1. Cβ contacts < 9 Å: first residue in contact (Cβ under 8 Å) with a residue 40 or more places away in the chain, restricted to the stretch 18-34; second residue basic (Lys, Arg) and outside any helix (DSSP H, G or I), any location; separation 6+ or different chain. Result?
2. Quick check on this structure: which one of Lys147, Lys133 is closer than 30 Å to Ser47 by Cα and of a type outside the set (Ser, Thr, Tyr)?
3. Given the criteria at pLDDT below 90 and under 15 Å from the mean Cα position of the chain (by Cα), does Ala94 qualify?
4. Being in a helix (DSSP H, G or I) and open to solvent by less than 90 Å² (accessible area, probe 1.4 Å) is the filter here, so list the residues in the stretch 156-178 that pass it.
5. Is at least one residue of the stretch 149-166 acidic (Asp, Glu) and under 22 Å from Tyr89 (Cα atoms)?
6. Under 6 Å by Cβ, and 6 or more places apart or on different chains, what pairs join a residue from the stretch 120-143 that is over 24 Å from Ala165 (Cβ atoms) with one that is open to solvent by 100 Å² or more (accessible area, probe 1.4 Å)?
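The values are calculated or read from the model by the stated rules, or taken from the named source; none is laboratory data. Keep in mind the model is a prediction, meaning the values are calculated, not measured. A quick note on method: Cβ atoms are made from the backbone with ideal geometry, for glycine too, and the neighbour counts reach across all protein chains shown. The accessibility values were calculated without ligands, DNA or RNA, using every heavy atom of the protein model including side chains. Shrake-Rupley method; radii C 1.70, N 1.55, O 1.52, S 1.80 Å.
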Amino acid sequence: TEYLLVSLLKGGKYAESQELLNSIFVVNANLRVRGKALDALLSEVSSTLERVMSGVPSPGEKGPGAGSPADLLGPDRTLESAKTAFMEYIARIAEASGNRTLRKSELLVNNIAEFIEKNVEGNLLDLNFISRKFGLTPQYVSNIFKKYRRENVKEYISRLKLERAKKLLLTTDLPLHE
């Protein structure tokens, strides 16, 4: 996974890098990683990102690789705060590499995906609702989401709902209809 992440970042595939990183965090959240295992995970991801960033000056900073991804973590060091910090760090890599337009689009898609993840349990979540929420046309949201996530919004919502249902089936005593 580390090799793949480095390859994607060095290849300028920032959306795919963020997608892989998101998958890493989803898996570890499902495993309920805490304590020393969490510290080891965050340290490993941080050092991987720092290696890729070395030699690339961050915008507004002097010197190659100024600033460390570990500096973005803050004192609480939760899985969710680390995910946000590392996603922002990848956006900095994209920006420092001269990919400013790509960065905006990637961040928009990531914000949409994050919104969907937080609201996936609601029955009103669909392309029109999401488009209104972000002040964009449904066509634009659909096209940009498909471009960076390689699945349309409806498929993404369905997949997340299925994952949530599967998790509930495994971890609760709720009847199937619930």
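1. Glu19/Arg150
2. Lys147
3. So Ala94 passes the test.
4. Tyr156, Ile157, Ser158, Leu160, Lys161, Glu163, Arg164, Ala165, Lys167, Leu168, Thr171
5. Among the residues of the stretch 149-166, not one is acidic (Asp, Glu) and under 22 Å from Tyr89 (Cα atoms), which makes the answer no.
6. Final answer for the pair search is none.
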